[in-house]
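Values in this text are rule-based calculations from the coordinates and carry no lab data. All of these numbers come straight from a predicted model, not from anything done at the bench. Every residue, glycine as well, gets a Cβ built from its backbone with ideal geometry; the counts of neighbours run over all protein chains shown.
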Amino acid sequence: LRFRRHREDADSRTGALMVAFALTVVALVAVVNLALALAWRLTLPIGTAYPSLFFETNTLVVLMLVLGGWWVESRRLRQGGAVVARWAGARVAADDILRERRLVNVVQEASIAARRLPPEAWVLPEDDSINAFVAGWRDEDTVIVVTRGALARLTRAELQGVVAHELGHLASGDTQRHMRLIGLVWGLQMVHGLGVRLMQPGEDGKRPAGTWIGLALRLSGYAGWLAGRLLQAAIARQREFHADAAAVQFTRQVDGLGGALRKIAGPQGRAATRDASAPDASLACLSHLWIAEPRHARWSLASLLSTHPPVAERLRRLYGRTVSALPAPELAESPEWPDGPHRMDQQDRPDRPYGLDLADLPFPSDRADAIPMAPSPRQAMAPQTLATDAKDASPTPRDTTSRSPRWPPWPDTVPGVDPPGRETG
Amino acid sequence: MEPLQLVILALALALAIWALLTYNALVRRRNEIGNAFAQIDVQLKRRFDLVPNLVETAGRYLQHERETLEAVAQARAGAGRAADAARGHAGERQAMQALSAADGALGQLLGRLMVVVEAYPALKADARMAELSEELAHTENRIAFARQAFNDAVLDYNNAAQQAPANLVAGLFGFRAAAMLEATDQAAQREAPRVRF
């Protein structure tokens with residue numbers, strides 16, 4: 001089974017990168033010591049001995065900055081998934097809106113496959129792009145946040161693939177790992193920040209005595225921060241491949257996640273991502289948690305610093321070949337959708353169901369309404385609807401993209417055969 | 001004591017500890033199978049409860065499909081009996097096969113019902129039917145994933161019990177191989193459903 005090999009692959013590379021991260025911290029300590037020794041030599045007459053405990057103090061200060069920064073940042077991120085989700089502007093998925101109900105259902109069923117506690121489903125109502133992320137420190141306070149665009153543009157199977165990808169992140173502890181890494185990078189940045197502070201000219205415009213020391217700290221801090229960012233991004237990219245493989249393992253099919261990624265790669269998906277409200281700092285710092293990067297960085301280091309591998313590469317690994325992008329139109333949810341979100345109003349059920357009499361059927365004595373679901377107000381009009389529908393026997397062309405939830409889930413594409421209107425790359 | 005005696009004693013102790021740990025690991029995995037089976041049971045119950053709602057709503061429109069609806073209801077009763085019989089026999093081949101067959105039949109009929117629903121625009125447009133379809137798709141997925149999780153648990157257990165040297169402990173304490181749920185056990189079920197228009 002290919003997904004198992006992909007998972008192990010990503011795991012072993014992640015291990016190597018974590019070791020590299022630890023080495024970065026050690027190297028930072030060494031470089032800071034070296035740079036400060038150099039600064040000492042340059043500023044003071046030759047032959048001046050280093051003060052006692054010079055190197056010990058340097059090492060201690062650097063480690064305190066790095067680990068302290070890590071600790072502070074981790075505490076902030078540990079507040080739980082709901083805090084992060086609210087921070088991003090999300091709200092809990094509403095049980096009585098069919099689309100969001102579907103999300104809740106999909107999260108629950110994918111959690112069964114992943115053999116995990118289902119996270120709480122949240123929706124980002126303002127975001128039209130196709131995206132999702134998970135956040136949380138412990139299993140109980142984990143949330144999964146899905147954008148409105150993902151709910152509107154993805155089929156049920158594709159939504160399931162996206163959710164399974166996020167559960168893959170949870171199952172392998174990626175959220176915790178990433179929060180630790182963010183904290184560490186933040187700590188590395190603090191060394192740089194101290195250097196900047198030491199280099200600032202005094203009020204009289206004269207450079208302070210610590211300029212050289214500041215420069216040394218600043219340069220080594222910057223190098224450490226950059227190395228940290230690069231490693232963090234490299235680890236994140238491996239975790240994406242890992243989560244993709246996990247999604248295939250949970251859903252036992254490629255077309256769910258594959259279809260979602262193809263839609264993200266398509267022109268409509270990209271446009272929606274671009275048009276989505278510019279992610280502020282909070283969202284940018286969550287970037288590793290998203291299924292696709294919320295913003296495309298524009299500078300040259302972007303590909304090295306990006307926390308996600310290119311979608312085309314992820315698709316190539318999923319399918320084992322190059323596949324084309326897909327259009328991502330908003331799908332009609334149900335015939336009522338244009339009038340506004342359809343709600344399941346809690347109304348009284350009709351006393352006597354017309355049509356079949358349930359007493360005729362060989363049901364045991366249980367109640368027919370074991371799963372509570374009240375009929376919608378449209379039900380009262382049902383016979384009338386039937387009549388109108390029979391009269392104009394659908395001369396209007398049916399929207400082939402609209403999909404009502406149905407079962408069994410027919411495959412959207414036949415393997416090896418491309419439906420008309422879709423080109424394959 | 002002689003040094004040799006000490007060595008033998010230490011070896012025997014290590015062996016006993018290893019046997020104990022292996023035994024516990026096997027028990028844990030076997031219990032996981034039981035838990036995974038209970039999960040399937042919960043999901044099947046869910047479908048069992050959903051069917052009357054579905055038949056009731058569909059029945060408003062499908063006066064001419066009474067046979068399908070009655071077949072669904074009968075298959076539901078059969079699945080209920082098979083689930084009752086299989087309870088407490090998780091992992092036993094015969095019970096698993098009977099359950100597979102009964103639930104396969106119900107699943108197949110529900111699939112046919114949904115195909116029929118597709119053919120009735122008025123029914124498809126019914127908001128309650130859309131909700132029920134979603135609930136049914138959800139329930140079918142839950143069942144499928146619960147089966148998958150059960151089979152994964154069985155795989156873990158069988159791997160643990162049959163690999164050397166743990167197979168010695170497994171043989172000594174009677175840990176038999178568990179049976180997986182097979183999705184289909186009849187040739188007819190393996191055929192893709194044919195849809196005529």
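Take every DSSP beta bridge whose two residues both sit in the range A:23-152; close to 55 percent of them are antiparallel. Taking 0.36 nm per residue of sequence separation and removing the Cα-Cα distance, the A:Glu56/A:Trp71 pair yields an extension gain of 3.2 nm.
Modelled label positions at B:Glu67 and B:Arg87, each set 7 Å beyond Cα in the direction of Cβ, lie 3.5 nm from each other. As an equivalent ellipsoid, the range A:31-126 spans semi-axes of 56, 14, 10 angstrom, where each value is the square root of five times an eigenvalue of the C-alpha gyration tensor, largest first. Within the shell defined by Cβ-Cβ distances under 14 Å, the residues around A:Ala35 carry a net charge of +2, with Lys and Arg each +1 and Asp and Glu each -1.
Most tightly packed first, judged by the mean number of other beta-carbon atoms within 10 Å of their residues, the peptides A:319-326, B:99-106, A:82-89, A:240-247 read A:240-247, B:99-106, A:82-89, A:319-326. The mean count of C-beta atoms from other chains within 10 Å of the C-beta of residues in B:45-55, rounded to a whole number, is 4. In chain B, the inverse of the mean reciprocal separation of distinct Cα atoms equals 19.5 Å; this is its Kirkwood hydrodynamic radius. Using the Cβ-Cβ distance between A:Glu126 and A:Glu8 with R0 = 51 Å, the FRET efficiency computed as 1/(1 + (r/R0)^6) comes to roughly 0.85. How much net charge surrounds B:Tyr23 when only other residues with a Cβ under 12 Å from its Cβ are counted (Lys, Arg +1; Asp, Glu -1)? Local charge sum for B:Tyr23: +3. Taking packing as the residue-averaged number of other Cβ atoms within 10 angstrom, the listed peptides A:93-106, B:133-146 run from highest to lowest as B:133-146, A:93-106.
Remark: spin-label model distance A:Thr322-B:Lys45 equals 5.3 nm, labels positioned 7 Å along the Cα→Cβ axis. The angle between the Cα long axis of helix B:66-86 and the main principal axis of chain B comes to about 20°, on a 0 to 90 degree scale.
With the convex hull drawn over the C-alpha atoms of the range A:136-237, the volume per residue is 151 Å³. Compared with the dominant principal axis of the Cα atoms in chain B, helix B:3-59 is inclined by about 10°. Summarising the label geometry, the points placed 7 Å from Cα in the beta-carbon direction at B:Gln94 and B:Glu118 lie 4.0 nm from one another.
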